[in-house]
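Structure, as structure tokens:
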Amino acid sequence: MAAAASSSSPPAVITCRAAVAWGPGQALVMEDVEVAPPGPLEIRVKVVSTSICRSDVTQWQSTAQPDLFPRIFGHEASGVVESVGEGVTEFQVGDHALTVFIGECMSCKHCVSGKSNMCQTLGLERKGVMHSDQTTRFSIGGKPVYHYCAVSSFSEYAVVHSGCAVKVSPTMPMDRICLLSCGASAGLGAAWNVADVSKGSSVVIFGLGTVGLSVAQGAKLRGASKIIGVDTNPDKQEKGKAFGVTDFINPAELNEPVQQGWGLTVTLGVPKAKPEVSAHYGLLLSGRTLKGSLFGGWRPKSDIPLLVEKYANKEIQVDGLVTHDMPFSDINKALELMLQNRCLRCVIHMPKRQD
């Protein structure tokens with residue numbers, strides 16, 4: 001392992017271990033990868049913990065972008081800043097940080113509006129490269145290895161844009177707050193920012209995974225009177241109660257449609273198939289509303305520190321979403337647990353080593 005760069009010397013290429021996907025759905029392979037120094041406004045992070053999100057699994061299995069392999073997935077992570085690139089003033093070597101799959105440049109039209117989290121500079125990256133120069137920071141034998149969401153945390157080290165990272169207190173448990181970099185925050189934000197759940201309202205949640213349970217928690221904290229959880233897994237009933245679900249429905253046990261009534265529908269997550277949405281205009285005339293939600297409407301750098309603070313003050317629950325803690329070497333087992341719907345969040349712990 002190459003020595004970590006000090007603040008007084010320019011960062012060098014680091015060789016580390018990463019779980020590399022060589023093709024859609026293929027088991028990840030532990031490889032030695034070269035990680036380039038951070039470019040301008042970028043930071044290189046020594047990953048401490050990374051949890052597996054359903055979107056990692058969906059995109060790993062997808063054949064929609066076969067050219068973006070080999071690839072390193074993972075985006076829901078926490079770590080320690082190992083080196084900083086030119087122009088970075090917010091972070092210093094040794095800072096603790098969360099990586100985020102969308103960024104906040106603080107200067108584009110959307111960022112300054114205060115009404116949108118769809119940064120025009122650091123938005124959701126889909127090409128497997130970095131935002132700044134459209135190239136990769138990973139390579140094996142001189143050949144590029146593609147990124148995922150410009151993070152790629154299934155690696156001991158990752159380079160991210162400083163606008164896609166949030167500084168956190170070193171007192172925070174990194175193996176739990178990593179969930180706030182995606183799933184837990186997305187659900188809370190969907191309830192608070194997008195749906196704006198009010199006291200006494202009724203909420204129905206389709207799917208009680210990490211995001212769905214976080215929606216339930218957000219609705220409970222807003223004072224919703226009825227929170228209905230819908231899931232085909234009967235084991236989710238008891239888990240749902242812990243996060244505020246008052247009623248549980250298993251559609252596999254019903255002979256009538258569940259999706260009845262009017263109101264506001266918020267879409268969350270990444271569809272496994274058929275991303276197109278169609279509806280009869282009459283449904284909208286009858287008072288129904290359909291809204292999309294990316295990261296729960298949160299602006300990463302402006303808002304996520306507030307959620308971390310709420311976690312520190314025990315105002316929100318995150319720990320209960322973690323069902324498994326596993327070493328990096330067992331990452332394929334963790335993916336299998338997710339595929340079998342046997343876990344909520346599996347936190348991967350990176351090996352502790354001296355650089």
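Confirm whether Asp247 is touching a residue at least 12 places away in the same chain (Cβ under 8 Å) and surrounded by fewer than 22 Cβ atoms within 10 Å (Cβ to Cβ).
The answer is yes for Asp247.
Output the number of residues of the range 17-69 satisfying the condition of being part of a loop (DSSP other than H, G, I, E, B) and buried (at least 22 other Cβ atoms within 10 Å of the Cβ).
3
Of the conditions (1) open to solvent by less than 10 Å² (accessible area, probe 1.4 Å); (2) assigned by the TED database to the domain that holds Arg126, Met174 fails just one. Which one is it?
The one condition Met174 does not meet is (1).
Looking at the structure I just gave you, is Thr232 free of Cβ contacts under 8 Å to residues at least 60 places away in the same chain, out of contact with any Gly (no Cβ under 7 Å at 6 or more places or on another chain), over 23 Å from Asp56 (Cα atoms) and of a type in the set (Ser, Thr, Tyr)?
Details: free of Cβ contacts under 8 Å to residues at least 60 places away in the same chain: yes; out of contact with any Gly (no Cβ under 7 Å at 6 or more places or on another chain): yes; over 23 Å from Asp56 (Cα atoms): no; of a type in the set (Ser, Thr, Tyr): yes.
Here the answer is no, as Thr232 does not meet what is asked.
Could you check Glu309 against (1) touching a residue at least 40 places away in the same chain (Cβ under 8 Å); (2) in a helix (DSSP H, G or I); (3) open to solvent by 60 Å² or more (accessible area, probe 1.4 Å); (4) not aromatic (Phe, Trp, Tyr) and say which number it fails?
Against the list (1) touching a residue at least 40 places away in the same chain (Cβ under 8 Å); (2) in a helix (DSSP H, G or I); (3) open to solvent by 60 Å² or more (accessible area, probe 1.4 Å); (4) not aromatic (Phe, Trp, Tyr), Glu309 comes up short only on (1).
Going by the conditions given, is Arg288 basic (Lys, Arg), surrounded by 13 or more Cβ atoms within 10 Å (Cβ to Cβ) and in contact (Cβ under 8 Å) with a residue 60 or more places away in the chain?
Taking the combined requirement at face value, the residue does not satisfy it.
Any idea which of (1) open to solvent by 40 Å² or more (accessible area, probe 1.4 Å); (2) assigned to a loop (DSSP other than H, G, I, E, B); (3) in contact (Cβ under 8 Å) with a residue 24 or more places away in the chain is the one Ile316 doesn't satisfy?
(1)
Check whether at least one residue in the range 324-331 is of a type in the set (Gly, Ala, Ser), out of contact with any helix residue (DSSP H, G or I) (no Cβ under 8 Å at 6 or more places or on another chain) and surrounded by 14 or more Cβ atoms within 10 Å (Cβ to Cβ), and report yes or no. Steps first, please.
Applying the first criterion (of a type in the set (Gly, Ala, Ser)) to the range 324-331 yields 329.
With the extra rule that they be out of contact with any helix residue (DSSP H, G or I) (no Cβ under 8 Å at 6 or more places or on another chain), the set shrinks to 329.
The next check asks that each one be surrounded by 14 or more Cβ atoms within 10 Å (Cβ to Cβ); those that pass are none.
No, that holds for no residue.
Starting from the range 115-132, keep only residues that are assigned by the TED database to the domain that holds Gln59, then list their pairs with residues that are outside any loop (DSSP other than H, G, I, E, B) and open to solvent by 70 Å² or more (accessible area, probe 1.4 Å) whose Cβ atoms are within a distance under 7 Å, requiring at least 6 positions of separation or different chains.
Once the first residue is assigned by the TED database to the domain that holds Gln59 and sits in the range 115-132, its partners that are outside any loop (DSSP other than H, G, I, E, B) and open to solvent by 70 Å² or more (accessible area, probe 1.4 Å) give Gln120/Lys109.
For the range 131-162, name all the residues that are in a loop (DSSP other than H, G, I, E, B), in contact with a Gly (Cβ under 7 Å, 6 or more places away or on another chain) and not hydroxyl-bearing (Ser, Thr, Tyr).
Result: Asp133, His147, Val151, Phe154.
So which residues in the range 102-116 are open to solvent by less than 50 Å² (accessible area, probe 1.4 Å) and at pLDDT 95 or above, if there are any at all?
We begin by selecting, within the range 102-116, every residue open to solvent by less than 50 Å² (accessible area, probe 1.4 Å); these are 102-105, 108, 111, 114, 116.
Passing the criteria: Ile102, Gly103, Glu104, Cys105, Cys108, Cys111.
Conditions first: (1) surrounded by 19 or more Cβ atoms within 10 Å (Cβ to Cβ); (2) within 23 Å of Phe295 (Cβ to Cβ). Tyr157 passes all but one, so which condition is the exception?
Here Tyr157 meets the rest and fails (2).
The values are calculated or read from the model by the stated rules, or taken from the named source; none is laboratory data. For clarity, every value in this text was computed on a predicted model and none was experimentally measured. Cβ atoms come from the backbone with ideal geometry, glycine included; neighbour counts cover every protein chain shown. Accessible surface is based on the protein model in full, side chains and every heavy atom, while ligands, DNA and RNA are left aside. Shrake-Rupley method; radii C 1.70, N 1.55, O 1.52, S 1.80 Å.
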